[in-house]
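Here is the structure we will look at.
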Ligand SMILES: Nc1ncnc2c1ncn2[C@@H]1O[C@H](COP(=O)(O)OP(=O)(O)OP(=O)(O)O)[C@@H](O)[C@H]1O
Ligand SMILES: [Mg+2]
């Protein structure tokens, strides 16, 4: 595999964390959350600032998580307590974060060229590339990233099976029902939005360290990329269980990056990237709807009168 | 046990659509009572249930349960005391979660949620045992998503979930109305079995006069936001649907009962 594709896999893993975050709101809570563009850059900004100030990059990334959670909680409170429409609440936080991020960074771009970052740590581990019969399949960096992302995935899987996690899932699935069992859906919504944006900020912090700079505009379009990863992943790799779908979402992120890398190699103008991404999401969102219509007709025919048992 | 005092609820107050849904309702329910509630469409039955559950707050009046004033408690705060089954079989369960996950949520009713696994083998054992009582074979389908169950099965599961932790009050709002007669009868039987076993204080709304007369030990009729008939057990046992209609006419001073949805059979 060539260099661009190797890079695409590394990026796909890194943006897999973003995709996991978007999955938590978009699928689990069933809330479209646009805070993402702001919290992604927030994560990058906070981590870069701290690292330049001499912080350990792990600590800086952890702080990015906490700050991202706060951003999500802000959207959550706006939406649940302030009764602001979810989309609008997210947009408001996102816009506000643009100024906040500029404040944090002090300027529009913070380079991390000679700093110790997660990337320099990773490289220092000296994990060799995975080469099979002369073809490099995974870089050493990608292997370390994969381990990191999978650990996060397993933590999320575990969380979604705890009592609290079940409540979160039920909040997205049937809020009326879960309230009748004593759960405050305002709280679960706020918790879900917090965790989601915490993950998104980690993804931003990770990207800043990987590319060697944080930029105030680095979050633009991230929500759409996250959605593309979630939807593509579900379509390609299935969503029958939590364990499977969180893996699928990461896979979706990698596929998305590979497709973009291939398209660029084939001569796609980089300025058309966002348009292509939006088109991917549009197709992925609408095709299942059409397909479902056809599927439903078939099911009605085959299932009628059967399977019921009651 | 449950005390409703002077509860008033107006919708769209001050507009042309103003509607008095509950008009100075007073009701005292004793522990262990099983009340059936009938009344025409728009009489205020569902509103009364929502006021008790905390899904809606009354404009005036108060509600207390076991001597505790819960008037200002939110729905989720009262949920530790109240179990509910809704008319819509889709309403009481989470369709994209498995049977065991739904039951785990029901089991945690009113408790502080912890970060431990919602379902474990010990709980599974309990779930299987309880599901057997439903006689639907669900005990062997713990990992099936609830969305794949039939309406009757979902309603049976809802009933089990609502009563799992033996709530102080069980509210049933036409919980058999969306089912075909055979499945409705099954849920009726289950309801009686479960209420009897746990001696649950129950309020059940129904449009079926036979159900209202045959089930429970007290009957209320609502009309235009007020309780116009309150029939005790002894009298209820002797009544036929025709007697109920007559009692309604007497209570309303000659107004005849015109209600398509009432089932006389
Ligand atoms: N959220 C609401 N907003 C406005 N009006 C409402 C609302 N809920 C109920 N109403 C009105 O209040 C009245 C009582 O409604 P309710 O649902 O309690 O009746 P019901 O006795 O349950 O009737 P049904 O037998 O049709 O279920 C009706 O006139 C209804 O239109
Ligand atoms: Mg009703």
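The values are calculated or read from the model by the stated rules, or taken from the named source; none is laboratory data. None of the values given here were measured: they were computed from a predicted structure. Positions of Cβ are backbone-derived with ideal geometry, glycine not excepted, and every protein chain shown enters the neighbour counts.
Within the stretch B:55-78, being more than 9 Å from chain A (Cβ to nearest Cβ) and under 24 Å from residue B:12 (Cβ atoms) holds for B:56, B:57, B:58, B:59, B:60, B:61, B:62, B:63, B:71, B:72. Looking only at helices (runs of 4 or more DSSP H) that lie completely in the stretch B:1-110, which have at least 2 residues being over 19 Å from residue B:160 (Cα atoms) and within 16 Å of ligand 2 (Cβ to nearest atom)? Output list reads B:45-53. So, restricting to helices (runs of 4 or more DSSP H) that lie completely within the stretch A:12-109, which ones have at least 2 residues that are farther than 28 Å from residue A:144 by Cα? Hits in the stretch A:12-109: A:57-80, A:86-105.
When residue B:57 is tested against (1) within 16 Å of ligand 1 (Cβ to nearest atom); (2) crowded, with 18+ Cβ neighbours inside 10 Å, only condition (2) is not met. Among the residues of the stretch A:278-310, those identified as at pLDDT below 85 and within 19 Å of the chain's Cα centre (by Cα) are A:280, A:281, A:284, A:285.
Looking across the stretch B:79-89, the residues that are out of contact with any strand residue (DSSP E or B) (no Cβ under 7 Å at 6 or more places or on another chain) and more than 8 Å from chain A (Cβ to nearest Cβ) come down to B:88, B:89. Which one is farthest from ligand 1 (Cβ to nearest atom), of the residues in the stretch B:207-223 that are under 13 Å from residue B:188 (Cα atoms) and surrounded by fewer than 19 Cβ atoms within 10 Å (Cβ to Cβ)? The extreme case among them is B:214.
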